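First the structure, in the form of structure tokens, and then the observations on it.
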Amino acid sequence: MIERKVRVRFAPSPTGPLHIGGVRTALYNYLFAKQHGGDLVLRIEDTDSNRFVPGAEEYILESFRWLGIKFDEGVSFGGNYGPYRQSERRDIYKQYVKQLLDAGKAYIAFDTPEELEAKRAEIENFQYDAATRLSMRNSLAMSAEEVAALIESGHQYVVRFKIEPGEKVVVNDIIRGEVTINSSILDDKVLYKSADELPTYHLANIVDDHLMEITHVIRGEEWLPSAPLHVLLYRAFGWEDTMPQFAHLSLLLKPEGNGKLSKRDGDRLGFPVFPLEWNDPKSGAVSTGFRESDYLPEAVVNFLALLGWNPGDDVEMMSLEELVKKFDLSKCSKAGARFDYKKMVWFNHEYILQKSDREIAEIFMDVVKQHGVETTLEHLEVIVSLMKGRVNFVHELWDASSFYFEAPVAYDEKTAKKRWKEDSAQKMTELADLLESLDDFSIENQDKAVHEWIEVKGYGMGDIMNAFRLALVGEGKGPQMFHISGLIGKEETLARLRRAITVLG
Ligand code: GLU
């Protein structure tokens, strides 16, 4: 066999938002292509006009842009094998349909949906195949003149694949091994419809994989049942020598592990199943996405990479580059992968820690602005460095650190009851006076001066710090006190202290 350059494709149908399982399929294709120095093609399979949803294609492109998954070729990327949108390839498919018809490997059928329905009602488990096709209205059962006359008079027809019964069909799957079936169980699938002059998924998919010189078909498990038919189509065209190798990925399962992951699971447990927010053009319903739910794209990619594959060591945090090096298609699991969304949150937390304070500050800046606060990146960077260990999502930094930007409007009752004592007002007045007298308001100098004062007076450290915290934060949370006072500055610290003394008394 000749060595061919690795070429894989992601071939979504634009029927709605890209499901997270589709994103994983694209990611695995990307990892496989990159590690073999190959190409990843984006092909849009839009031959089913009934299921076409406007906006879906743009959504798919935007999703991969956000995730950092890059295509080498395809819709919006260009390349030498285009057009890459199947609806723009009608003439190509017609030529291949004709080739099968001329070779007697396909035939024309006129049965209407009603007639087919009637057959199904009449014969239990009816299947359009070698055993039944001669009793139907098609070019195998009619004379050539009759067929020509029907077409001439404008009757709609379909072209069906003539499956020879009793043949052994072997699908060689990188993940599942050899899957063997007997062709007798297959029905004569529709390959083409005259009504819209378009091929069905099966024909278009095979013709394009062949013409685009695809070497590996990596796709979801739901396509495994179609694979024997695809093998037979390759045979019918005489393309066995360049037939791609298959790899059918496992299903994504519900977090509890039983059954297929669905959007309802996300709604029920509070996690997205789409990369980006999706506004359904028909129903108007809005579904949240990972981006809008404040996930970092690196975290999503890392999490998805490990759904159905693992490197065999204990390493979990891997960049896209590392994943490219380590990924092994043949080690993907056959069993379904449980969608452990808590793990996904964990990854997000870890990526917040791993990224520089500057990068997180840049993201946090938007959140801060939404709260009407004007500040500098340098300032946010310091806050991020102090607070990022405490959050799973960047937006949570606001709740964790809003006291840096805003004075408390109220004092948490429970905390006040416990922390603000009889003599707190007097002690805090002393503290305010002391802090006011400091020329050097650095964290270190405050720390030193306050400790000396506490020692001289014989005050309790916890006692002072708790009241101080309540005055500055309004509740009992936050980092070390001088990291707060130092950052909000002398003037603000004194104002908050004096206000607490007045209000809490
Ligand atoms: N258009 C199919 C889909 O939406 C492609 C399946 C395949 O990769 O062969 O998933």
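The values are calculated or read from the model by the stated rules, or taken from the named source; none is laboratory data. Note that this is a predicted model, so its numbers are computed, not measured. So basically every Cβ, Gly included, is an ideal-geometry build from the backbone, and we count neighbours across all protein chains shown. Just so you know, the surface numbers come from the protein's heavy atoms only, side chains and all, with ligands and any DNA or RNA stripped out. Shrake-Rupley method; radii C 1.70, N 1.55, O 1.52, S 1.80 Å.
Peptide packing for 201-210, 44-53, 109-118 was compared via the average number of neighbouring C-beta atoms within 10 Å per residue; ordered from the highest value, the list is 201-210, 44-53, 109-118. Compute the accessible area per residue over the range 139-199, keeping the other protein chains in place, probe 1.4 Å, unit Å². Accessible area per residue, the range 139-199: 51 Å². Please compute the per residue accessible area over the range 215-284 with all protein chains in place, 1.4 Å probe, rounded to a whole number of Å². About 43 Å² of surface per residue is accessible. A straight Cα-to-Cα reach below 25 Å connects K325 with the lysines K5, K34, K70, K334, K343, K355, residues fewer than 8 places away in its own chain not being considered.
Percent antiparallel among DSSP beta bridges with both residues in the chain, to the nearest 5? Please list the in-between numbers first.
Numbers: 20 of 37 bridges.
Close to 55 percent.
A prolate overall shape is assigned to the chain, the ratio a/c of its alpha-carbon gyration tensor axes (a ≥ b ≥ c) being 1.5 or greater and a/b exceeding b/c. Other residues whose C-beta falls under 12 angstrom from the C-beta of I163 contribute a net charge of +1, scoring Lys and Arg +1 and Asp and Glu -1. Compute the Cα gyration tensor for the range 382-487, then decide on rounded, prolate or oblate, letting a ≥ b ≥ c be the square roots of its eigenvalues: rounded whenever a/c is under 1.5, prolate when a/b is larger than b/c in the other cases, and oblate in all that remain. Oblate shape, in that a/c is at least 1.5 and b/c is the bigger or equal ratio.
Pairs K421/K457; K263/K369; K98/K162: which are spaced more than 21 Å apart, C-alpha to C-alpha?
Too far apart for the 21 Å limit: K263/K369.
Bridging of K94 to aspartates and glutamates at a Cα separation below 15 Å is possible for D102, D196, E197, D208, once same-chain residues fewer than 8 apart are set aside. Which residues does a label at R390 reach in the range 452-496, if reach means a backbone N under 15 Å from a point 7 Å past the Cα toward the Cβ? Residues passing the 15 Å test: 466, 469-488.
With every protein chain kept in place and ligands, DNA and RNA left out, what is the accessible area per residue of the range 388-505? Probe 1.4 Å, answer in Å².
On the way: 5940 Å² over 118 residues.
Spelled out: the 1.4 Å probe surface of the range 388-505, per residue, equals 50 Å².
Any chance you could give the angle, 0 to 90 degrees and rounded to 10, that helix 424-436 forms with the longest Cα principal axis of the chain? Between the helix axis and the principal axis of the chain, the angle is about 90 degrees.
Classify the range 135-201 from the C-alpha gyration tensor, please: rounded if a/c falls under 1.5, else prolate or oblate depending on whether a/b exceeds b/c. Intermediate results must be reported in sequence, preceding the final value.
Values: a/c = 4.96, a/b = 2.07, b/c = 2.39.
Oblate, because a/c is 1.5 or more while a/b does not exceed b/c.
Relative protection proxy for 423-432, 246-255, from highest mean packing down: 246-255, 423-432 (other beta-carbon atoms within 10 angstrom).
Quick one: with all protein chains in place, what share of the accessible area of the range 284-342 is carbon or sulfur, to the nearest percent (1.4 Å probe)? Let's see the in-between values first.
Values: 1360 of 2750 Å².
C and S atoms contribute 49 percent here.
The sum of -39500 (n - 2.57) across all DSSP H runs of n ≥ 4, divided by the residue count of the chain, sets its helix-only mean residue ellipticity at 222 nm to -13500 deg cm²/dmol.
Here the peptides 449-460, 378-389 are ranked by packing, the mean other Cβ count within 10 Å, and the order with the highest first is 378-389, 449-460. Approximating the spin labels as points 7 Å out from Cα along Cα→Cβ, the E256-to-N50 distance works out to 3.4 nm. For the range 251-314, the list of trypsin sites (Lys or Arg not before Pro) that fall in a loop by DSSP and count at most 16 other C-beta atoms within 10 angstrom reads K282. For the range 1-128, what % of the accessible area comes from carbon and sulfur atoms, probe 1.4 Å? Roughly 49 percent of what the probe reaches on the range 1-128 is carbon or sulfur. Of all accessible surface on the range 362-401 at a 1.4 Å probe, what whole percent is carbon and sulfur? Result for the range 362-401: 47 percent of the exposed heavy-atom area is carbon or sulfur. Return one number: the angle in degrees, 0 to 90 and rounded to the nearest 10, between the long axis of the Cα atoms of helix 113-122 and the longest principal axis of the Cα atoms of the chain. That helix lies at roughly 80 degrees to the long axis.
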